[in-house]
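Scroll down for the structure; my scribbles are underneath it.
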Amino acid sequence: MLKTNNLKIRPVIKTRKQEDIEFVKQNTKALRKIVKPVKFNSKKTKTDKIIEETILQGPDLAPLVNRMKNEYPIISKIDQYKEIFTKQNPLVSIIVTTYNNSNLLINIALKSILNQNYKNLQIIVIADHSTDDTDIQMAKIKDTRVIYQNLSKRPNYPINTRQRWTVAGAVPHNLGLELATGDFITYCDHDDSFTIDRTDKLIEFSRQNKCDLIHHPFYIGTSDHIVTHNDSASLICGKITTSAVFHHSWFKQIPVDLNCWKIDEPGDWNKFKKFKEIGAKICRHPEKLSYKR
């Protein structure tokens, strides 16, 4: 029991169940602010069902999350897991997804990544079946740290604009995870960019705080034209974006859920909320370290 100026104050101790309930309420409220629920026609025709079955589908990730939830308390305590936080010059994998915009990819995202002060990087660029000159422009980059692949076929994303937005880029994102071999994983969309010292700062912050996942504030706009910023005050929908997270490589097992469009939930949020469900140590870095267009 704490004492302050002779007043006795009972500390409020929340159970994990109470925290989980609060978490769900908080994020349901946040999600409603940015997306409206989709009204599905309960009387689907045979044609409707056939069309829906051809749209991008993925496995149920609940078993994966439950397995990781059980493993994490044990895995996180072994030396092999913990040594990544103290490793000198750890390898950082940066996954960049792109689609038909070589100009932004080369001159915004990749330029900021190649210019990072920290150099031990694995830069994985996956195009979502780009048909512009992305292949040609990427062939001009001779940096051996860069891995590039272009999907041979465009995934069958939902026709509905909002549903497509929630899941677009998920397939190249997940392929990037399969190719990543870094100690830490981070991401950058083709129209986003990093501050020059971002990687340095996040490695040091992770080392000091032993964070499984770090999220940080980010600018809205470009380095030449900042419109506003998002403070990423907490891990909730609308306060997190792909280009503003950095995590331990053990969590690369979590892909973007290819079914997230069915519940009208943004793919990046749907992915990173699973870290909370698993029990990961989540930390907020206070500085704005990326730009989101």
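Coordinate-derived values only; no laboratory data. Computed from a predicted model, the values in this text were never measured in an experiment. Here the Cβ is made from the backbone with ideal geometry for all residues, glycine too, and neighbour counts use every protein chain on show.
Brief remarks on what is shown
- The range 56-292 - Rg over Rh from alpha carbon coordinates, Kirkwood radius: 0.94
- Point-to-point label distance, residue 100-residue 165, nm (Cα→Cβ direction, 7 Å offset): 1.8
- Segment residue 91..residue 207, full-extension length gain: 40.4 nm, with 0.36 nm per residue of separation and the alpha-carbon distance subtracted.
- Remark on the range 162-221: ratio of C-alpha radius of gyration to 2.2 N^0.38 Å is 1.33.
- Simple label model, 7 Å out from Cα along Cβ direction - residue 196 to residue 82, nm: 3.7
- Out-of-range pairs (alpha-carbon distance over 24 Å; input 239/281; 239/292; 87/140; 111/201; 82/201): 87/140
- Full extension of the chain segment joining residue 226 with residue 119 gains 35.9 nm, where the gain is 0.36 nm per residue of separation less the Cα-Cα distance.
- Inter-label distance for residue 178 and residue 277, nm, one decimal - labels placed 7 Å from Cα along Cα-to-Cβ: 2.2
- Short to long, the 5 Å bins of the Cα pair-distance histogram for the range 139-185 hold 5, 16, 21, 18, 19, 11, 8, 3 percent of all pairs.
- Antiparallel bridge percentage (DSSP; both residues within the range 56-292; nearest 5): 35
- Amide N proximity, the range 168-188 versus residue 156 label position 7 Å along Cα-to-Cβ, cut-off under 18 Å: 168-172
- Ranked list, fewest to most other Cβ atoms within 10 Å of each Cβ, for 98, 131, 241: 131, 241, 98
- Distances between placed amide hydrogens fall under 5 Å for residue 221 paired with 227, 292, 293, all partners being 5 or more residues away or on another chain.
- Calculated translational diffusion coefficient of the range 186-293 (20 °C, 1.002 mPa s; Stokes-Einstein with Kirkwood radius over alpha-carbon pairs) equals 151 µm²/s.
- DSSP-assigned coil residues among trypsin sites (Lys or Arg not before Pro) in the range 101-182, each with at most 14 further Cβ atoms within 10 Å: 119, 140, 142, 153
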